[in-house]
Amino acid sequence: MKRSPLARLWPNATAVVLFIGFAFPVYWMFTTAFKPTSDVITEDPVWFPTSATLDHFQKALDAENFWTLVGNSLTVTLSAVALSLVIALLAAFSLARMRFKGRRGFLVTFMIAQMAPWEVLVIAIYMLVRDGDMLNSLIPLTLFYMVMVLPFTILTLRAYVAAIPKELEESAMVDGCTRPQAFVRVIFPLLAPGLMATSLFGFITAWNEFPLVLILNKDPAAQTLPLWLSSFQTAFGDDWGATMAAASLFAIPILVLFLFLQRKAVGGLTSGAVKG
């Protein structure tokens with residue numbers, strides 16, 4: 001049955017409104033970063049800037065320990081994502097392919113861990129790190145970020161592994177491959193969409209995390225970029241131009257990673273892979 005123009009208009013109009021609602025903060029962040037200071041602090045908002053400046057970006061890049069913080073953020077984030085992928089890949093394969101006692105309870109535990117807010121453990125985490133004499137170190141941050149993203153990573157990869165036909169693995173083993181070889185040569189390449197999705201989630205989670213590094217790392221040389229975003233102050237209050245420039249720089253790695261992984265995460269890799 002043909003839908004009326006009004007019936008088609010409603011969902012389209014809703015989508016446009018939602019798009020504007022999500023896109024406007026991003027637009028305002030980037031435009032404010034390029035506005036002259038007089039346009040930033042004016043009482044009347046400048047919706048469409050007519051002039052631009054790079055002074056705010058220069059101030060953000062000249063901040064103390066900026067490149068040290070960039071290195072810390074990349075080290076902690078990439079290490080946490082890599083560790084979580086390795087552990088989650090092995091756990092997901094075991095949960096999807098093997099049957100063992102306590103398997104369902106294991107899955108329920110990960111679901112509960114995914115739902116529970118980690119903030120309730122902040123005091124315990126601080127005491128644990130303090131007693132281990134590891135305050136102002138990147139190692140605890142890396143380990144805790146890895147733990148934060150691990151439940152989601154395991155559950156997501158398990159679904160991807162379960163969706164791959166067992167016949168592919170069995171065919172490889174019939175052709176002479178061992179189970180590890182079948183996993184590396186057959187299963188692993190087909191997990192690309194799942195690996196891309198989970199690595200993107202883990203990167204965003206670790207890259208944006210703020211409270212834990214604020215509590216554990218008081219040394220400016222051991223902090224990460226989220227704390228850098230809150231450091232732009234003047235005698236009159238927040239320096240919004242520099243803050244928006246810093247936020248724009250902070251968002252660039254996530255945007256680049258998303259665009260790169262979006263092109264790589266191609267679905268339907270198993271279609272037609274099993275011979276009849």
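For the stretch 43-60, the count of residues that are within 30 Å of Y145 (Cα to Cα), of a type outside the set (D, E, K, R) and touching a residue at least 24 places away in the same chain (Cβ under 8 Å) is at least one.
Screening T198 with (1) part of a helix (DSSP H, G or I); (2) modelled with pLDDT of 85 or more; (3) farther than 23 Å from F24 by Cβ; (4) open to solvent by 40 Å² or more (accessible area, probe 1.4 Å) gives one miss only, at (4). State all residues of the stretch 74-115 that are open to solvent by 80 Å² or more (accessible area, probe 1.4 Å) and in contact with a Pro (Cβ under 8 Å, 6 or more places away or on another chain); if no residue qualifies, say none. M111, the sole residue that qualifies.
Yes/no per residue for (1) over 30 Å from F93 (Cβ atoms); (2) among the polar types (S, T, N, Q); (3) at pLDDT below 90:
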position: L121; (1), (2), (3): no, no, yes
position: L128; (1), (2), (3): yes, no, no
position: S137; (1), (2), (3): yes, yes, no
position: T142; (1), (2), (3): no, yes, no
position: Y145; (1), (2), (3): no, no, no
position: M148; (1), (2), (3): no, no, yes
position: F152; (1), (2), (3): no, no, yes
position: T156; (1), (2), (3): no, yes, yes
position: Y160; (1), (2), (3): no, no, yes
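Of all residues assigned to the stretch 88-104, none qualifies as being in a loop (DSSP other than H, G, I, E, B) and within 16 Å of V149 (Cβ to Cβ). Scanning the stretch 221-276 for residues that are modelled with pLDDT of 75 or more, in contact with a Leu (Cβ under 9 Å, 6 or more places away or on another chain), within 30 Å of I164 (Cβ to Cβ) and among the aliphatic types (A, V, I, L, M) yields I254, L257. The set of residues from the stretch 205-228 being assigned to a helix (DSSP H, G or I), buried (at least 16 other Cβ atoms within 10 Å of the Cβ) and of a type in the set (V, I, T) comprises T205, V213.
Residues of the stretch 21-38 that are open to solvent by 40 Å² or more (accessible area, probe 1.4 Å) and over 23 Å from the mean Cα position of the chain (by Cα): F34, T37, S38.
Among the residues of the stretch 17-45, how many are part of a loop (DSSP other than H, G, I, E, B) and modelled with pLDDT of 85 or more?
Here is the first cut: in the stretch 17-45, the residues part of a loop (DSSP other than H, G, I, E, B) are 35-36, 41-45.
Going one step further and asking which of them are modelled with pLDDT of 85 or more, we end up with 35-36.
Final tally of qualifying residues: 2.
May I ask you to verify whether R130 is closer than 21 Å to A163 by Cβ and either surrounded by 12 or more Cβ atoms within 10 Å (Cβ to Cβ) or not hydroxyl-bearing (S, T, Y) (or both)? Criteria not met by R130.
The values are calculated or read from the model by the stated rules, or taken from the named source; none is laboratory data. Everything numeric in this text was worked out from a predicted model, so none of it was measured. So basically every Cβ, Gly included, is an ideal-geometry build from the backbone, and we count neighbours across all protein chains shown. Accessible surface areas use protein heavy atoms only, side chains included; no ligands, DNA or RNA. Shrake-Rupley method; radii C 1.70, N 1.55, O 1.52, S 1.80 Å.
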